Protein chains: 2
Amino acid sequence: MNALLRARYRLTLAPGEDAGLRARQLAREQTVEIPEGVVAPEVEARALGRVEGVEPLGGGRFLATVAFPLAATGGELTQLLNVLWGNVSLWSGVRLESVAWPPELLARFGGPARGAAGLRALSGAEPGRALLATALKPLGLSVRELARRAAEGALGGVDLVKDDHGLADQEWAPFRERVLACQEHVARANRATGGATLYAPNLTGPVDRLAERLETLAEAGCRAALVAPMLLGLDAVRGLAESAGVALLAHPSFAGPLAGGDRGLAPELLFGDLFRLAGADAVIFPNAAGRFPYTLEDCLALEARLAAPMGALRPAALMLGGGIDAAKLESWIPRYGPDTIYLIGGSLYARGAVREAVRELAGVVRRVAPRGAA
Amino acid sequence: MNALLRARYRLTLAPGEDAGLRARQLAREQTVEIPEGVVAPEVEARALGRVEGVEPLGGGRFLATVAFPLAATGGELTQLLNVLWGNVSLWSGVRLESVAWPPELLARFGGPARGAAGLRALSGAEPGRALLATALKPLGLSVRELARRAAEGALGGVDLVKDDHGLADQEWAPFRERVLACQEHVARANRATGGATLYAPNLTGPVDRLAERLETLAEAGCRAALVAPMLLGLDAVRGLAESAGVALLAHPSFAGPLAGGDRGLAPELLFGDLFRLAGADAVIFPNAAGRFPYTLEDCLALEARLAAPMGALRPAALMLGGGIDAAKLESWIPRYGPDTIYLIGGSLYARGAVREAVRELAGVVRRVAPRGAA
């Protein structure tokens with residue numbers, strides 16, 4: 001592996017700080033992590049990151065391009081994260097903006113096992129239209145009530161029903177009982193409608209119970225699952241994508257401060273490139289104008305990264321949630337491409353009759369053309 | 001589980017925002033995540049978080065106390081993190097300050113399998129004195145060179161030699177070969193000195209290779225390992241603490257933006273309470289005045305949380321690193337308690353003869369009394 005891994009960092013410096021020096025310190029921190037001159041030159045020659053350029057952005061900000069020896073990653077996701085954002089995550093004023101992914105590295109990762117197209121096929125949605133999803137919630141409902149909601153969604157023609165990320169193994173609706181009942185209700189509804197609504201239970205849970213929970217998913221016949229990469233670990237998601245046999249919807253729980261701001265990763269890098277590299281078939285992100293402070297620009301940047309060429313990795317779908325008002329679905333669809341999944345939860349349940357509300361929205365995704373659709 | 005899980009959040013609001021309303025929105029977001037009035041009152045009664053108080057802190061800041069039904073966590077670490085810091089991690093201006101841990105919850109977690117006292121016993125360090133550690137680095141050295149450094153450290157009388165967090169399975173020093181060689185060199189040095197220097201290889205790596213790597217550790221006779229909880233997942237660390245049979249040193253890689261600032265967790269909560277709950281026997285943190293922007297106050301707050309009463313959980317050791325100048329070790333020891341491990345890397349290697357440099361520092365930790373020592 002003589003290839004280079006190039007990353008761009010935005011440095012926000014105090015007046016008088018030297019951007020070139022800071023960039024060289026960063027390249028050192030992320031690799032040999034030892035003062036200059038302490039180690040033999042041939043070791044630095046093979047292991048040290050190199051600053052390739054530093055451009056001023058104005059306002060005390062600079063964009064530094066650092067080339068790391070790809071061999072420093074050992075081809076492992078955990079160590080790749082260390083090289084890109086390990087120790088400098090603890091610095092102030094450093095933001096990882098983008099990474100140029102070397103083909104040699106991408107070839108080591110399978111990425112999404114199904115991707116946006118695979119999810120569409122699994123849910124039986126016609127090509128060229130947006131997809132509709134609902135969330136089973138709230139926490140506190142019984143298995144019976146959740147299963148009934150799942151069935152109503154499927155009967156209404158939703159493409160995908162997912163567990164709320166807060167449904168785990170609580171006494172109110174234990175994991176195994178919930179998964180079996182919800183999948184059975186969705187399957188029965190599918191038989192009645194001729195549809196193929198997908199049910200995605202929340203798989204996020206104790207690492208030593210994942211195998212048992214995957215068996216429950218297989219027993220139930222689930223073809224998708226929800227995972228929270230920052231709770232399970234990104235590499236655990238990679239492991240699941242390679243072996244679990246279900247499509248993975250990745251939830252941004254716990255990740256907020258890691259993305260955005262002067263210190264962190266660019267949101268489209270974390271939720272886009274990295275979640276996709278780990279194997280997310282869809283990435284859940286709060287839509288603009290909902291309950292979360294993200295803009296349309298943030299969402300479009302993420303959408304672009306999920307679809308951008310990335311070696312042989314499949315494009316992943318953007319699943320927009322976080323308080324999309326059912327009444328405004330129609331106005332959102334033309335702003336995003338067809339591989340967008342609209343996750344409508346609270347505002348749907350607020351309408352009362354779930355099946356009818358879903359049917360109306362299922363009509364909207366079939367009728368309104370996404371951006372760029374023919 | 002009718003107990004309550006109380007958490008305190010610091011809200012930073014824009015002028016005119018209503019702190020009470022924001023706190024109620026937070027309690028709802030973290031539990032039922034559905035608008036008021038949509039679900040039956042008995043479901044909200046059992047599942048919804050409740051705001052118990054909101055106090056102004058001045059400057060647009062407020063401290064909100066929220067009581068969550070403990071049952072919402074299902075007793076699982078992943079879901080506990082969801083309840084405390086899942087979706088609100090995506091909000092602006094919310095910082096999780098502290099958690100009052102219910103005994104019922106703590107009883108479900110083993111915490112550190114050995115803790116600070118166990119680590120001291122494993123390394124043969126006398127009670128009442130600080131511990132000394134070195135890091136094997138840099139990345140890029142061969143197995144032979146790393147093993148020689150490990151032996152020099154042990155011969156010099158260091159208590160603990162750890163892999164740099166960037167040593168993974170690179171071609172320069174493959175995991176298995178490195179671990180076997182370094183442990184063998186340390187063991188041989190221990191036989192020569194009568195000491196018990198611990199060697200802690202970096203276990204962080206692909207989840208599907210952890211079992212194989214643990215076998216290598218067992219084969220080598222290692223009694224400690226380095227893990228990066230934000231790369232492996234906190235729950236993976238919990239799983240390792242319960243079953244791996246080695247003491248765990250937790251590294252803060254990747255975690256920076258999650259801790260501190262107006263948006264994030266208080267550093268002493270993330271690296272203190274949560275790392276300890278997950279089972280870290282020692283927590284690595286950058287000392288004040290090193291290469292990282294943390295203060296003595298930050299370090300002391302973390303030290304306090306690692307030692308504070310927390311059910312039956314063992315106290316964990318604070319391992320200070322991040323550029324401690326060997327020449328200043330003597331001045332740091334009286335500022336921290338005896339369960340502190342000083343990790344000295346770069347400045348030690350800069351001194352040239354490792355064994356002699358370590359011997360001098362090993363003399364310092366034996367001679368200088370920690371804070372509060374008799």
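What follows is calculated from the coordinates using simple rules that are stated; it is not laboratory data. Predicted model only: the values in this text are computed from it and were never measured. Heads up, the Cβs are rebuilt from the backbone with ideal geometry, glycines too, and the neighbour counts pull from every protein chain shown.
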*Distance from segment A:65-86 to segment A:205-275 (C-alpha centre basis), Å*: 21 Å
*For the protein assembly as shown, share of DSSP beta bridges that run antiparallel, in % to the nearest 5*: 45 percent
*Take every Cα-Cα pair in the protein assembly as shown and report what % of them are more than 46 Å apart.*
19 percent
*Local electrostatic count, B:ARG176, Cβ distance below 12 Å [Lys/Arg +1, Asp/Glu -1]*: -2
_Distance in nm between pseudo-label sites at A:ARG191 and B:SER142 (7 Å out along the Cβ direction from Cα)_ = 6.8 nm
*For the residue pair B:LEU21 and B:ARG366, what label-to-label distance in nm results when each label sits 7 Å from Cα along the Cα-to-beta-carbon direction?*
6.7 nm
*So what's the back-of-envelope 222 nm ellipticity for chain B, counting only DSSP H runs of four-plus at -39500 (n - 2.57) apiece and dividing by all residues, rounded to 500?*
-10500 deg cm²/dmol
*Work out the length of the dipole vector of the protein assembly as shown about its Cα centre, built from +1 on the beta-carbon of each Lys and Arg and -1 on the beta-carbon of each Asp and Glu, and round it to the nearest 20 debye.*
60 debye
_Sequence of A:HIS185, B:HIS251 once ranked by neighbouring C-beta atoms within 10 Å, starting from the fewest_ = A:HIS185, B:HIS251
*In what order do B:LEU141, A:LEU300 fall by count of nearby beta-carbon atoms within 10 Å, going from fewest to most?*
A:LEU300, B:LEU141
*Determine how many Å³ per residue the convex hull of the Cα atoms of chain B encloses.*
141 Å³
*Report the residue of chain A with the smallest Cβ-to-axis distance, using the rotation axis that brings A onto B, in whole Å.*
A:GLY233, 1
*In nm to one decimal, list the spacings between the A:GLU219 label point and its equivalents in the other copies, with label points set 7 Å along Cα to Cβ, shortest first.*
3.6
*Hey, quick one: spin label on B:ALA100, modelled 7 Å out along Cα-Cβ, who in segment B:6-20 has an amide N within reach, i.e. under 20 Å?*
B:6-11, B:20
*What is the gain in length, in nm to one decimal, between B:LEU57 and B:ARG209 on full extension, counting 0.36 nm per residue of separation less the C-alpha to C-alpha distance?*
49.9 nm
*On a C-alpha basis, how far is the centre of segment B:119-152 from the centre of segment A:277-327 in Å? Whole number, if you could?*
45 Å
*Put the label 7 Å from Cα along Cα→Cβ for B:THR193; what are its distances to the other copies, in nanometres, shortest first?*
6.9
*From the label point of A:ARG144, set 7 Å along Cα to the beta carbon, how far off in nm is each other copy's matching point, shortest first?*
7.3
*With springs only between Cα atoms under 10 Å apart, run a GNM on chain B and tell me which of B:LEU132, B:LEU21, B:LEU155 wobbles the most.*
B:LEU21
*Distance between modelled label sites at B:GLU42 and A:ALA107, nm, 7 Å Cα→Cβ extension*: 6.2 nm
*In nm, what is the difference between 0.36 nm times the number of residues separating B:ALA218 and B:ALA304 and their Cα-Cα distance?*
27.7 nm
